[in-house]
Structure formats: C-alpha cells, structure tokens
Amino acid sequence: MQGLTTSLQTKQSKQLTAEERVRVFQRNLYLKAKQQKEFSFYVLYDKVRLPHFLMESYYRVKAKGGAPGMDGNDFKDIEKTGAIPFLKNIQQELIDKTYRAQPAKRIWIEKANGKLRPIAIPSIKDRVVQMSCKMVIEPIFEADFADSSYGFRPKRNAGQAVSKIREHLSHGRTHVFDADLSSFFDTIPHDKLMIVLRKRIGDKNILWLINMWLKAPVWEAGKISGGKKKREGVQQGGVISPLLSNVYLNLLDQIVNKPKGSFDKASVKIVRYADDFLLMSNFPYEKQLEQLEGILERMGVKINQEKSKLVNAREKAFDFLGFMFRFDRSPYKGCKNRYWYIAPSEQSEKKFRAMMKEYICKRIHFHPEAYVKDLNSKLKGWINYFRIDGVSYMSRSISKSAGYLGYRIQKSAKRQSQRTKKRYSHSAYLEFVTHHGLLNMYKYATCTRPMRTQRKNLYRKAV
C-alpha cells in the first residue's frame, strides 16, 4: 500500500484520476492523524466541494445503487441532463453555503424477528455530498479506531471478526457476553456525538453539514416529521451514518481496551461489528458487566436485555453475525477431543432457504437461462460471506442448501408441463448445474476443510 501510494505521489496532479487523487489525500490525512493523536483538523470543507471529490463520490454512490429519495430522481434522470452539470450545481451550493439537506424518504423493512426497521433514503444529491464528506473525514477517525472494530470500515469485514472470535476462544476466552443495543441508531444523542466529533474536527462548516444531516426531516406517506427539534438518532440508510456510529461507539472500544483498566485486568476482550459486540474473557466478570451498563447509560444508549446474554461457550453454543459457534465433539470415531465448530447459524440457513423459495416461486414460468445468472450471484454472495478458510465449516450447510434448492426446482417443475416434470423428477439440482449453468455449490463444500497436517492445531481437549 505504501509503495502504491508513493507511486501515485510521484505522478503529476493532472495525470491522476479522481479516485487516485482522493486516495493520495486520504493517505496523507491518515498519516497526519496517526502521528498526532490530539490534532484537530480545521481546513476540510474546501475538500468536500472539490470536483474530483464530488466526481468520485458520484461514482461510488452510483455503484451502490439504491432507490431514489423523496424527489423521485434516479441516476437515469440525472444523466439525461448530464452528471457534470449536476455536480457543478452541488459544488456551487457548497461554495455559496446554500446547500440544504432534503427530507429523506422513510421505508420499513422486516427484521428477522418479524419486527420492522425504519430505513431513511436520502436523495441522490444528499448521498453524493455525504459520500464526499465521508471520504474527507474518514481517514482521521480511522487513525483512532481500535483494531477490535470491524463493521463498516475500509478493508475490514465480518469474516475478520469471526476469525478473531475463534482466536479468542482458542485462547480460553469462553465466557462470552453477546450484547445487543436497543434501537442504537435511533437513540444516539446528537449533543454527545458532536462533542466526540469536535475532538478531531475543528472545521465548523463540516460540523454544520453533519448537524444538518442529523436533524434532516423524514418524509413518509405524504407527511414530513422531525427537523431542528430532533435531539437524537442517526438515520439508517444515510451514507455517513455508519461512520458516525463507529465514531460514537469507539468510546466503548477505548474504555474496554484501556491498558490496566478494569476490563483489561479481568482479561476482557471486545469484538465489535457496528452496534453488535461480544465481550470475551477467561473467567466470569460480573463487576465489569455492571460497569458496562453504566458506561452505555452515560452514553445515552441501552442494552437490549432480551437479546443480550452471557454464556460459557464450552457448554452452550452462541450466534453472532449469522455464524454459530459451538464447542463440538470430534467427528472421527474414537477421538475424544473437541474443536470449535463455526458454521452458518440455523437462523441464517432458514433465511437463505426462504430467499431461495421466494426467488424460485416468482420465476416458476421463466426459462432457467433467464434467471440462473442472477441466482448464481445470490448463491456466491452467501457462500463468500460464510466461507472463511481455516475457520468456518461449510460442508453441512452447503449440502443442505443445495438439496433444498433442488427440491424447490423439482417442486416448481411439477406445476409446469409433464415433460418438464419428468425431466426434473430426479437430481433437479444437478440437471440445472449441467445444462443451465447453475453454480455447483458442492465444490465449495470441502474447500475450507483443514488439512491433516493442521488438524492437531484445530482440535483441543476439553478442560
């Protein structure tokens, strides 16, 4: 990375693409923030409105897609008149400080427990400005974030968090507190969040932008609510919201990871992914859990007592980030050793099967070639998320999922012509793999199995 950045810096500014210019700036800003932990950055707003920042922001927002906001404009509408005039208009508004955030469109999505989660969809214009601001300030806070944080950060993902959890379990930290925060995004207090931001951001114009987005109203069913009187909550769906949530919860990371602090003395380690986190230790730590409740209460957020639980992982399995962690018996006959079995949780598998059922049923009368490509991308996404080489075990889950997919294909064929029914009466899944290009999930079933030479390191005796 260092060599790549150096090669970019040797180029003249005119030779760099918008993405390269942004990367060079971010690298320099990160190094400055890393070297001077107490430094407050004052001149940032002028970077947000630079043409190459806005252009790169537009490309990133477009790549993520997403529904249009309250104004109903999508990328096709913008590009009819041209992206350049669209970005120039934004730039001028930022220069004149006449830019104002539009109300975000609120939709509701169903959660795994059947409840509904509110999602706010800003307009594309607001998403572009938020992305530009995020690209400017993110390197500053990345220099401060703890290594125990994995959610919504560059070059970090859930797989790394799961690998770290396995490492802690292997070192005997089996007393696990699985914490869930109640409506975290909706309860972040604005005043306390702004205090944290001011420690690193001295540019009043950047703070003005962030405060505007925090208090932006929402539009739902023709009614607008919220606005300047709003005192808490970060809109889920906003481009900058994940960064702001990480900035705020970094306070918790710092307290738990503080050397010679109460949590450190109890050998407590934290693994956090956005607002979901685990506390792990070699022995019980009731005193620290009481302190945790006090810390979160002062931060203005609460633990969901119904979903949060303390378990001894050697005795009881637990789920986190869609994975199931279980101290399992060796599958080899006569072997009394145990090992950490990490695989997709039962709830994750049910959700995946429900997705496949809905997808196949809606395309029952389509020709396979019309939807197999899209179905393959969904299968690959599921496998790539849960497939962690040397950590997770996918054989059982993949076999069950492939079998269920074949069952759905065969059942759908029964509702078609007799010829189709007869053709897919046996091995419907393999028939689709052979003749229609469906992803062969079975070839991924054993690719992550530990080698025999590594087996002695993966199996540990029960204590």
- Out of region 77-96, which residues are over 30 Å from residue 221 (Cα atoms) and of a type in the set (Lys, Arg)? 88
- Which is crowded, with 16+ Cβ neighbours inside 10 Å, part of a loop (DSSP other than H, G, I, E, B) and out of contact with any helix residue (DSSP H, G or I) (no Cβ under 7 Å at 6 or more places or on another chain), of 173, 166? 173
- Task: Output the number of the condition that residue 74 fails; it satisfies all remaining conditions of (1) within 21 Å of the chain's Cα centre (by Cα); (2) of a type in the set (Asp, Glu); (3) over 29 Å from residue 39 (Cα atoms).
- Result: (1)
- Looking only at region 212-232, count how many residues are touching a helix residue (DSSP H, G or I) at 6+ places or on another chain (Cβ under 7 Å), crowded, with 18+ Cβ neighbours inside 10 Å and in contact (Cβ under 8 Å) with a residue 60 or more places away in the chain. 1
- Quick one: which residue in 366, 327 is of a type in the set (Phe, Trp, Tyr) and not in a loop (DSSP other than H, G, I, E, B)? 327
- Query: Take the residues of region 271-295 that are under 22 Å from the mean Cα position of the chain (by Cα) and open to solvent by less than 20 Å² (accessible area, probe 1.4 Å): which is farthest from residue 339 (Cα to Cα)?
  - Reply: 274
- Task: Evaluate the following for residue 202: is it surrounded by fewer than 20 Cβ atoms within 10 Å (Cβ to Cβ) and either closer than 20 Å to residue 299 by Cβ or in contact with a strand residue (DSSP E or B) (Cβ under 8 Å, 6 or more places away or on another chain) (or both)?
- Result: yes
- Item | Filtered residues of region 221-257 (kept if among the hydrophobic types (A, V, I, L, M, F, W, C) and in a helix (DSSP H, G or I)) | 243, 244, 247, 249, 251, 252, 255, 256
- Subset tally (residues that are among the small types (Gly, Ala, Ser) and not in a loop (DSSP other than H, G, I, E, B)) for region 261-315: 3
- Within the bounds of region 341-354, is there any residue that is at pLDDT 90 or above, more than 23 Å from the chain's Cα centre (by Cα), open to solvent by less than 20 Å² (accessible area, probe 1.4 Å) and not hydroxyl-bearing (Ser, Thr, Tyr)? no
- Message: I need the full set of residues from region 183-197 which are farther than 23 Å from residue 108 by Cβ and free of Cβ contacts under 8 Å to residues at least 24 places away in the same chain, in order please.
- Response: 194, 195
- Query: Right, residue 204: under 30 Å from residue 43 (Cβ atoms), free of Cβ contacts under 8 Å to residues at least 12 places away in the same chain and not aromatic (Phe, Trp, Tyr) or not?
  - Reply: yes
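The values are calculated or read from the model by the stated rules, or taken from the named source; none is laboratory data. Predicted, not measured: the structure shown is a model, and the values here were computed from it. Cβ coordinates were reconstructed from backbone atoms using ideal geometry, including for glycine residues, and neighbour counts include every protein chain displayed. Protein only, heavy atoms only, side chains kept; ligands, DNA and RNA dropped before computing areas. Shrake-Rupley method; radii C 1.70, N 1.55, O 1.52, S 1.80 Å.
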